[in-house]
Structure formats: structure tokens, C-alpha cells
1. All but one of (1) over 20 Å from residue 108 (Cα atoms); (2) in contact with an Asp or Glu (Cβ under 6 Å, 6 or more places away or on another chain) hold for residue 10; which doesn't?
2. Could you count how many residues in region 326-364 are farther than 23 Å from residue 241 by Cα, surrounded by fewer than 23 Cβ atoms within 10 Å (Cβ to Cβ) and not aromatic (Phe, Trp, Tyr)?
3. Can we say residue 38 is surrounded by fewer than 19 Cβ atoms within 10 Å (Cβ to Cβ), among the hydroxyl-bearing types (Ser, Thr, Tyr), closer than 30 Å to residue 117 by Cβ and not assigned by TED's automatic domain parsing to the domain that holds residue 144?
4. State all residues of region 57-73 that are surrounded by fewer than 22 Cβ atoms within 10 Å (Cβ to Cβ), more than 9 Å from residue 98 (Cβ to Cβ) and not charged (D, E, K, R); if no residue qualifies, say none.
5. If I ask for residues that are in a helix (DSSP H, G or I) and more than 16 Å from residue 336 (Cβ to Cβ), which ones from region 114-124 would you list?
6. Do the conditions hold for residue 321, that is, is it in the same structural domain as residue 127 (by TED's automatic domain parsing) and surrounded by 21 or more Cβ atoms within 10 Å (Cβ to Cβ)?
7. Just the residues that are farther than 17 Å from residue 201 by Cα and out of contact with any Gly (no Cβ under 8 Å at 6 or more places or on another chain), please, taken from region 230-247.
8. Checking residue 292 against (1) of a type outside the set (Asp, Glu); (2) crowded, with 24+ Cβ neighbours inside 10 Å; (3) closer than 23 Å to residue 44 by Cα, only one condition comes out false. Which one?
Amino acid sequence: MKITEVKLGILSVPLRVPFKTALRTVNSVEDVILEIYTDTGAVGYGEAPPTGAITGDTTGAIVGAVKDHIAKTLVGRDVDEFEDLCIALDKCIVKNSSAKAAADMALWDLYGQLYNIPVYKLMGGAKKSITTDITISVNEPDEMVRDAINSIERGYDCLKVKVGKEPEKDIARLSAIRGAVPKETCIRIDANQGWSPKEAVRILNGMQEKGLDIEFVEQPVKAHDFEGLKYVTERSYVPVLADESVFSAEDALRIMQMRAADLVNIKLMKCGGLYNALKIASAAEVYGVECMIGCMLEAKISVNAAVHLACAKQIITKIDLDGPVLCSEDPILGGAVFDEKIITVSDEPGLGIKGIEEGRLRYI
């Protein structure tokens, strides 16, 4: 199975409601779709969201990385040279993790098709379905309460609440939500680097003292501030999850060795795809650190790849793969089934993606 061509297109999918964090506000998913064609007729699918505020990857950067470096590295090669292909992909350009992730998942898709096996079984096949949380964007308290209640009515029992924009208001936001949802509802929070280390400790301990029962906090401090992350982890009543601090297996390993966080978040767009994500999972297994698997604002192709990884590995115990259910529609054919909080992986070969609704992809 030889790679003959790499094609790119833009997919636009509106969101149900605007997505707001401490870093940005987004109204629709505008992702780059990557298709790898082969001489057997098999097609591998990948996806990369332009998330400049987090990864530095803009649409232009993703397109340039693929056309000028990644496509030239892959075209003409045999999919069966899988390890060599993954290594070559990782080395062909510095950084550009989202573009690499899109190509990486398309390669895994083709490799699974080549041997007629779903990717999650190639990686370990731990389970068939997973349960995701759903994100509550940062807004005024009453609007966040409405969104939380709506999510509970849709069947979700774990909310990931965005905080970090206005520290003094965050406790009020969480108090309002905790008072409006069933007592057993799991609430985890994501500060998106919004606090200083001392501020984080004060706010988090205040939340727990008020009985808000927070499961964990995601990335309370700046991504580069490993010492600050450790400071919060050692002093906070709330467990700490490292997210933006983890762009590679080396980052994850350093955090685990420092004991700078209680948990580590794996995102394909930050680490460059499934091949590198497996390295993070392996390090976590050695250190006994549980992982969450998360996503950016992505449509189903790339989140589907993350589902395969989550279903493959027992060390991944927390799931934050709500990208497709935040969208108002799903133009992707095949792949995992997203039934609100329950996600069931496909047993089709590769990643199980069959294509995209006609006319939805604008090739570039």
C-alpha cells in the first residue's frame, strides 16, 4: 500500500453555543482536513484545528507544514514501513504539532486498514466505550447555570467548567452551578493558565472550604511555569491536571519526575499525534500517573482518533472528548458513535472514517 497523494481541505461546522475560555471565544469549528491516498484505493483521514493561542498553529501554518514538508516526506512511501514513517513525520519539521497529528492519525488509519483491524485493538483494545464530560464555557453565573442544567438534562453527569478570567468571580460561578445541579454531579474546572500560583492555591482551597467538591483543576498556571505548577500541586486541596504544560513525552516525564501535577492531559494536537501520545501513556504507566485525554475544538475525525487511544489504554481514566457534541451538526461519515456522554468506538478497520458529506469540504 503506497502513498500516492496528500490532499487538504477546510471543514466548517457551527457550534451549538459560543465556546469561551480564559484565552479565546470561538463560534464555529474551522479545521484543516487531511486525506492520504494510496495505490490500493484506501484513504486515511486526519484533522487539525488552528489553535494559535495554544499550539501556535494557524490555518496557514498547518497548510504550509503539510504541503512543504509532510507531504514530501510521505508520498511514495509504503504504509507498511509504519515505524519509519512515524519517525520521519516527527522529524521532517520542527514543532507544527497539529499538522503532524493530522498526518499521524491518517497513517494509523491506513495501517489499520492494511491489516483489517481497528486502531484501538492495534494499541491494546482495553474497552469498547468511554464516558465524556461536557464543557461549560465561562460566562455570567446565571448563563453558566443554564448551560449546566441543560447538560444535566441531556444526560451528562460530569461538567468541565471554564474559569480563570475573573478570579474573584470564579467561586461565585462554581457556587451557583454546584447549587443548581444534583449533588452527585462531578465538577472539574479548567483555568486555562488563568491564575498565578499563589492566587490558584487561595482560590482552589477557598472553593473546597465552601464545599464545592471539585474533582480536579486543569492547568491553573502558565504553561511554562513547571515550578508554579508544582507549588499549586503541593498546596492545593484540589488535585492538579497538567494540560498546556504537556506538549511532548519529555514534558510529561519531567512533570512526573518533579511531581508537579497529580494527573496529565494527553492531547493529540499538542504532542503531534497517536505515535507520541502512546509514549506519554507509557511514561504514565511507569510512574502510576493517571491520564485524561482531551481535545481542542475539533470535529469528529481527530476526536475519533483520540477515542481509539482512550479505548486502548487503561491508564487513561478521565475523558474530555466533547468536541463533536459541542457542534450543531456532524458532517463526518463513520467513526465512533457519540451518544451524548457515551462514546462507542467503531470496529471498522483503521479509524473507521468513511468520508465527509458531499460539498462540505473545501479543498485547497
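The values are calculated or read from the model by the stated rules, or taken from the named source; none is laboratory data. Bear in mind that the values here come from a model prediction, so they are computed numbers and not experimental data. Note: ideal-geometry Cβ built from the backbone for every residue, glycine included; neighbour counts use all protein chains shown.
1. For residue 10, the exception is condition (2).
2. Total meeting the criteria: 25.
3. Judged against the criteria, residue 38 is a match.
4. Correct list: 58, 59, 60, 63, 64, 69, 71, 73.
5. Within region 114-124, 114 is the sole residue that qualifies.
6. Here the answer is yes, as residue 321 does meet what is asked.
7. Selection gives 244, 245, 246, 247.
8. For residue 292, the failing item is (3).
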